[in-house]
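The values are calculated or read from the model by the stated rules, or taken from the named source; none is laboratory data. Computed from a prediction, not measured in an experiment: that's the story for all the values here. As a convention, Cβ positions derive from the backbone with ideal geometry for all residues, glycine included, and neighbour counts pool all protein chains shown. Heavy atoms of the whole protein, side chains included, go into the accessibility calculation; ligands, DNA and RNA do not. Shrake-Rupley method; radii C 1.70, N 1.55, O 1.52, S 1.80 Å.
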Amino acid sequence: MEKTNGLLYEKAVRWLLEHIREYRIPLISSWIVGLLAHMFMFTNKIVNHDDVLYLFSKGETLVSGRWLLALTGYIFPNCSMPWIYGVLSLAITAATVCLIVKIFDIRSKYLQALLAGLIVSFPAQTSIFCFMFTSAPYALAFLGSVLSVYILIRGSLKSLLAGSAVLALTLGIYQGYIAVASSLYIILMIQALLKGEPAGKVFKDGLRYAAALLAALGLYYAVTLVICRLSGTELLSYGYSEDSILFRVLLAYNGFLRSIISGYFGFVNSGISMTAHLACLIAMAVLLVHYFSKRRTKKTKEALLLFACAALFPLSINCLYLIAQTGVINSWTLYSFICVYILAAVIVELLAEKNWLNDVVLISFTLVIISNVFFANKVYLKMYLGNESMFAYYSAMAADIRQSPEYKDGMTLAILGEETDLVEYMDEIDTGYFTGPADNTINMYTRDYFLKYYIGLNVPTLPYLDTYKIRGDIESTDEFKSMPEYPAEGSIAEIDGYLVVKLG
């Protein structure tokens, strides 16, 4: 038995080392660019509003339909640890990049390296690291969405079922990753057409891909309903769009254009990045038009199907708009935008091996990576400086509370109000519409947790939820109304047995 275990272990290690050697270029690039972009976040505990609230959990899981996210706590313990989860996330993402390279048979070492750098430095990844407590599970979801495609393209019915099952599990971590799978399927169809496959075969493949997506959705919802029934959990009802389907489709295309032209979500985060993205898109369009215009035999069906795939591509990337309200769509939910770079790599490798447009795309990729690395560090610096300001403010408040002559052991603390003018959120560092640094990191929901876990003020507090009447009664007293705002003298007082701190 020991010999068998040893052989299995040795085989596994040999297999791993062989694949590391085979994919050393994207792996090396992933680690170099990934650490350049995110190591500051990995080596500091920089908090954000949800990360304060869910320091020892995975957040809203069952009520949000993320049942597998809850179960990932068994492999990724419920403790927001920046270094280990940052490294694990980067390792899983690097492995996913290798799988993408394999799926699309990207042989150019330059494209492999640049594609890896683009994915690990992509601003949606930066946004995920701003909420470190779910970073490793989301990396696993990214791997699952790509793995589901890899399994399905093997062609058999078993592969279709297995691929759908893997994608359903992925949706159980985070539903937004269905957009990654759907976009990869569109790219596979475009790649097949550029390789000369007939439109009929590609269209049939497309129907199989659509069937896999629908099967995954059906299986996911079926499991979700069963788990909710067994656990007595009621799904949250907010966030679903009630607009017409046509309006949602228009929103999806508008969101795609805004991401490129106006820097929405932070995906295009500088003038250089915008120029590089536009140059890359123009180069792709020119290559596709040139490809069909130079062919001796007119293949109308193939051209029409390619046009249809290209038209559906932005919709597949932003398919969350078909379901969710725009208010719940943010930077990390649209990770699927990376498929733009995957499509560009596929087109360039097939159509521009010795074309000057190849250099245009490679240079564009390089500039985007550099821009993303600087942007990630700018985001983390803004959060870090904001954290330092919050620590200073609330540390002083904790000292004032303890030293207050009205403070007695066992008193319940009630901090009322929201304005904290002495907390500096570094508006000088503009991150636009990027979802990450928040101007209300410490608010009515998170303040108690921050004071307890980060400041060390371990006193009973009046929780925000279910205490509206008590808060209202205190705020309606003449004594509270006459109190100045913290940190002025008299801003901490006893009212109705509570130690009250009045903010603005």
Cα convex hull of segment 134-198 - mean projected area over all directions, nm²:
4.5
So Asp105 and Lys354, fully extended at 0.36 nm per residue minus their Cα-Cα distance, gain in nm 87.8 nm
Does segment 1-141 come out rounded, prolate or oblate by the C-alpha gyration tensor, with a ≥ b ≥ c the root eigenvalues, rounded set by a/c under 1.5 and, if not, prolate when a/b is larger than b/c and oblate if not?
oblate
Is there a quick way to get the dipole size of the chain? I mean about its Cα centre, with the Cβ of Lys and Arg at +1 and of Asp and Glu at -1; what is the value in debye to the nearest 20?
3600
Choose one of Met383, Val361, Ile442: the residue whose Cα lies farthest towards the positive end of the charge dipole of the chain (beta-carbon charges +1 Lys, Arg; -1 Asp, Glu; about the Cα centre).
Val361
Quick tally, 1.4 Å probe accessible area for Lys102, Lys481, sorted with the most first, runs Lys481, Lys102
Per residue, in Å², the accessible surface of segment 143-249 once ligands and nucleic acids are set aside, probe 1.4 Å:
48
Under 5 Å between amide H atoms, partner at least 5 residues away or on a different chain: which partners does Glu494 have, H built in plane at 1.01 Å?
Val500
Between segment 307-360 and segment 391-442, the alpha-carbon center distance in angstrom
41
Please state the charge dipole magnitude for segment 238-313, taken about the Cα centre, from unit charges on C-beta atoms (+1 on K and R, -1 on D and E), reported in debye and rounded to the nearest 20.
640
Multiply the residue gap between Leu422 and Asn440 by 0.36 nm, knock off their C-alpha separation, and tell me the result in nm, one decimal place.
5.2 nm
Can you tell me the length gained on complete extension of the stretch Leu250 to Ala488, counting 0.36 nm per residue apart and subtracting the Cα distance?
80.5 nm
Accessible-area composition of segment 1-105, carbon plus sulfur, in percent [1.4 Å probe]:
67
Ranked order, Ile455, Ile370, Ile470, Ile46 - accessible area, probe 1.4 Å, largest first
Ile370, Ile470, Ile455, Ile46
Cβ charges +1 (Lys, Arg) and -1 (Asp, Glu), total dipole of segment 361-419, debye:
320
From Cα pairs below 8 angstrom and at least 6 apart in sequence, can you work out the relative contact order of segment 48-139, rounded to a whole percent?
42
Relative pair counts by distance (%), Cα atoms of segment 89-177, 5 Å bins:
3, 15, 22, 22, 19, 12, 6, 1, 0
Within segment 278-377, trypsin sites (Lys or Arg not before Pro) in DSSP loop having at most 14 other beta-carbon neighbours inside 10 Å:
Lys294, Arg295, Arg296, Lys298, Lys354
Give the residue from Tyr468, Ser127, Ala283 lying farthest towards the positive end of the charge dipole for the chain; charges sit on Cβ (+1 for Lys and Arg, -1 for Asp and Glu) and the dipole is referred to the Cα centre.
Ala283
Phi angles of segment 367-377, converted by Karplus (6.51 cos²θ - 1.76 cosθ + 1.60, θ = phi - 60°) into ³J(HN,Hα) in whole Hz with x for Gly and Pro, give 5, 5, 4, 4, 4, 5, 5, 5, 5, 4, 5
My understanding is that a pair violates if its Cα-Cα distance is over 30 Å; which of Lys58/Lys378; Lys102/Lys301; Lys201/Lys294; Lys158/Lys299 do that in this structure?
Lys158/Lys299
Relative contact order for the chain, counting Cα pairs under 8 Å that sit 6 or more residues apart, in percent:
19
For Ala311 and Thr275, FRET efficiency with R0 = 30 Å and r from the beta-carbon atoms, rounded to 0.05?
0.75
Please arrange Trp67, Trp15 by accessible surface area, largest first, computed with a 1.4 Å probe and ligands excluded.
Trp15, Trp67
Carbon plus sulfur, as percent of the 1.4 Å-probe accessible area of segment 198-348, comes to 70
In Å, the C-alpha Rg and Dmax of the chain are 25.8, 91
Round to the nearest 0.05 the FRET efficiency obtained for Thr326 and Leu7 when R0 = 60 Å and r is the Cβ-Cβ distance.
0.65
Ignoring ligands and nucleic acids, what accessible area does Trp31 show with a 1.4 Å probe (Å², nearest 10)?
80
Return the calculated 222 nm mean residue ellipticity for the chain, to the nearest 500 deg cm²/dmol, obtained by summing -39500 (n - 2.57) across DSSP H runs with n ≥ 4 and dividing by the residue count.
-20500 deg cm²/dmol
